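Before any comments, here is the structure.
The values are calculated or read from the model by the stated rules, or taken from the named source; none is laboratory data. What you see is a predicted model, and the numbers here were worked out from it, not measured in a lab. Glycine also receives a Cβ, built like all others from the backbone with ideal geometry; neighbour counts cover every protein chain displayed. These accessible areas exclude ligands, DNA and RNA; they are computed on the full protein's heavy atoms, side chains included. Shrake-Rupley method; radii C 1.70, N 1.55, O 1.52, S 1.80 Å.
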Amino acid sequence: MRAHGYTEEALRLAVAIARGMKEEQLHKLNKIQSLLEKCSEEELEEQLYEEIDEDEYVEGWIGHPLEPIVVLYDTLIEESQIDNDISFDFDTGDNNDSKVTTKLRDLHSYTHTTVQGSEDESESYLTLALEVALLGLGQQRTMPVGFYAQDKSCRQEEHLIAQLNLLIFDDRLLSVLYEQIEVLLGSGPFSGLGLGVHPTSIPMHTFARFLYGILLPRDPKLAFRVGLRAMRFVLLDSAADIERGMDMRSKASQWFTLGHLESQQSELASHMLTSAKGQPEQLKSVQVCAQRHIHSPSQLFRLAQDALKLTNIGASDSECDRDMLNVAMELGLQVLRMTIERGNWRRHEMVTWLVECAVEAGTSALSIIMKNWSSLFTATEATTVVATTIMSPATAEKLGLTPKEKEALLCCVRALSLQCASHSPQLCTLSALTICEKDVMAFEAAYRLVLESASNIRPTQLFAIARYLEHRGHNTRAFKLATLAMKHFTLAFNQDTHPSIGDIHWACTLAHSLGQDKLAQIIPLVIQSIHCPTVLSDLLYRCTFTPTATCDLSFRCNRYLGCDKEPLRQLLEATINAYVSTTHSRLNHISPKHYSDFIDFLMKAKESFQLAPEGEKRFAALLNNMKILYRGKKKLMQLVKERFG
């Protein structure tokens, strides 16, 4: 009607619609009030949740293709608008110095214009416009289907709130605002701030932020009441429920604006935390509400960081807000509990931040996180990030600990590392040994844990622990772990570039340095585990041409172990046998492009054969056997004959 020039008729129709919406709202409110007379608010809300039909769809006025609320608001507000014309004179640059006057009509103010024929003197087009907007924004409406519809709903809501922010709230508008807020809070399923909210209805976070900003300077108690009620995110709250979780998570996956809604929820919680500073009871209410309704670890972590910024860290103890610090700590603990199983790409940052926050909170907070580490950290995180930060000199200096208090804290860290090593030996035993190295009893306990859990630890990890023990001067213990690693290690005939070959060389060198007895203990394990001839020959040469530990090197003793005596005789026979079996394995699948590599391989084999008695004859027998079995490979056999005769 407005578009076709029927302005007055459109205005009368808008007034009638607004009054009809108010009448329907009051009718539903009276129905809820009558139910509240029979039962408590908690009982009524539980009853309404039980009666909810999860497939029910309530079409929202906000985001509707015809934009009913926006049209009504514009129609009513236009009648209350006063244009402010501002004139600007500017030089056109002509020689006659003429000036042009331009009027800008973009700035508006609003006044109360009484509705024609209204019996209520307080009713104006401006108050009706505000009521219509509040009714539309506070309506409990189902999230529309599809990205475009959901995005339009968010944008239209933000646009309408931006229009309301242009209003100057005098006594009449504030009276309407208070009345509408009380109706929305006390209402039932038709209100987004009322009781019995449908799981698929759009949350009220953005709308509540607008109300909170207006109410906070005038009525803080009501502002917090609105904010806490609007923090609900029923869809995600229901998704955490075991019985309905799967269905709700399926519906949440179809909410394409979920990230935007969660950020709005976090913004609302941050505003409430800021205004609750210095009010312990309000702070506790906001903290509990945030822990209950914020289901995004990233948003909750952001809120915890905001809380920590409000504590005035770095100031004197009298200026530091301990209540706010405790809130930040509790929110951080909640974040870690949420992400320990599901994981998060910011997990390392979250863990580091929480430990730093606990340091700020004091030794009691550090004791709490160490006592409850299994629900907050993985064993690896506890023995690396947590233990390292707590044991650092900077932490003791910041906390101002006495030597006795520092030692007590270190004892707790050592106990933590031993628990982690017992829980996850494969990942934490080396860290536990490092943490406990300055305490004899704790170090011994950590070493026993390694021995008891050796069967569950990867050989590469056992080699790493053994190398660490040798570095700390515990050579005998290092040898013990090296033998345990060798028992669980296997190297195939073709794994001549395996990364653990260096560990095998190191283990044999350690045994050789400890004496012939230790070498005799490890060689049978080497023979059992290593099937690669080149690795075995390298070990053989190292043991043969390196003086034993019984030699006095200061006198340049040349006492070397012979290959014809134990324990190297076993190793020599194992090396020769490995060369024979590997030769046949390679010949079964060899291609012409690998002939030259195979000839080099035979040259290394010949060197090992020559260390044995009658080695030349045994090598010649191998060549003759090859020529008979693989005579079809004429080119290869020709190369063998040219090189070895």
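The figures follow:
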item	result
Matching entry among Glu119, Glu131, Glu79 (being acidic (Asp, Glu) and either at pLDDT 90 or above or closer than 30 Å to Pro203 by Cβ (or both))	Glu131
Test: residue in the range 217-230 that is under 17 Å from Glu46 (Cα atoms) and out of contact with any helix residue (DSSP H, G or I) (no Cβ under 6 Å at 6 or more places or on another chain)	yes
Residue that is nearest to Arg347 (Cα to Cα) [pool: residues in the range 273-283 that are open to solvent by less than 40 Å² (accessible area, probe 1.4 Å) and either among the hydroxyl-bearing types (Ser, Thr, Tyr) or assigned to a helix (DSSP H, G or I) (or both)]	Leu273
Yes/no for Thr460 being open to solvent by 40 Å² or more (accessible area, probe 1.4 Å), within 30 Å of the chain's Cα centre (by Cα) and within 24 Å of Ser513 (Cα to Cα)	yes
Residue among Leu469, Leu484 that is part of a helix (DSSP H, G or I), touching a Lys or Arg at 6+ places or on another chain (Cβ under 6 Å), at pLDDT 90 or above and within 19 Å of Thr429 (Cβ to Cβ)	Leu469
Residue within the range 97-112 that is at pLDDT 90 or above, small (Gly, Ala, Ser) and either closer than 26 Å to Leu128 by Cα or open to solvent by 80 Å² or more (accessible area, probe 1.4 Å) (or both) present	no
The one condition in (1) surrounded by fewer than 17 Cβ atoms within 10 Å (Cβ to Cβ); (2) at negative phi; (3) free of Cβ contacts under 8 Å to residues at least 40 places away in the same chain that Gly400 fails to fulfil	(2)
Top-ranked residue of the range 524-536 - restricted to ones that are out of contact with any Asp or Glu (no Cβ under 9 Å at 6 or more places or on another chain) and closer than 20 Å to Lys604 by Cβ, ranked as most open to solvent (accessible area, probe 1.4 Å)	His531
Among residues of the range 431-444, those that are surrounded by fewer than 22 Cβ atoms within 10 Å (Cβ to Cβ) and not acidic (Asp, Glu), counted	7
Any hit, the range 485-501, residues being closer than 30 Å to Ala415 by Cβ and either among the acidic types (Asp, Glu) or surrounded by 20 or more Cβ atoms within 10 Å (Cβ to Cβ) (or both)	yes
Residue list for the range 452-466, restricted to those being part of a helix (DSSP H, G or I) and of a type in the set (S, T, N, Q)	Ser455, Asn456, Thr460, Gln461
Every pair of residues 6+ apart whose Cβ atoms lie under 7 Å, when the first sits in the range 117-136 and is free of Cβ contacts under 8 Å to residues at least 60 places away in the same chain while the second is outside any helix (DSSP H, G or I) and aromatic (Phe, Trp, Tyr)	Leu126/Tyr110
Residue that is open to solvent by 50 Å² or more (accessible area, probe 1.4 Å), at pLDDT below 85 and more than 25 Å from Thr75 (Cα to Cα), where the choices are Tyr6, Tyr49	Tyr49
From the options Val286, Val226, residue that is at pLDDT 95 or above, under 27 Å from Gly63 (Cβ atoms), in contact with a Phe, Trp or Tyr (Cβ under 9 Å, 6 or more places away or on another chain) and surrounded by 22 or more Cβ atoms within 10 Å (Cβ to Cβ)	Val226
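This table checks each residue for (1) in a helix (DSSP H, G or I); (2) of a type outside the set (S, T, N, Q); (3) out of contact with any Asp or Glu (no Cβ under 9 Å at 6 or more places or on another chain); (4) buried (at least 20 other Cβ atoms within 10 Å of the Cβ).
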{"site": "Val145", "(1), (2), (3), (4)": "no, yes, yes, no"}
{"site": "Phe169", "(1), (2), (3), (4)": "no, yes, yes, no"}
{"site": "Leu174", "(1), (2), (3), (4)": "yes, yes, yes, no"}
{"site": "Ile181", "(1), (2), (3), (4)": "yes, yes, yes, yes"}
{"site": "Leu211", "(1), (2), (3), (4)": "yes, yes, yes, yes"}
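Residue-by-condition table, conditions (1) assigned to a loop (DSSP other than H, G, I, E, B); (2) open to solvent by less than 20 Å² (accessible area, probe 1.4 Å); (3) in contact (Cβ under 8 Å) with a residue 12 or more places away in the chain:
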| residue | (1), (2), (3) |
| --- | --- |
| Lys152 | no, no, yes |
| Glu158 | no, no, yes |
| Ala162 | no, no, no |
| Leu177 | no, yes, yes |
| Leu193 | yes, yes, yes |
| His198 | yes, yes, yes |
| Phe207 | no, yes, yes |
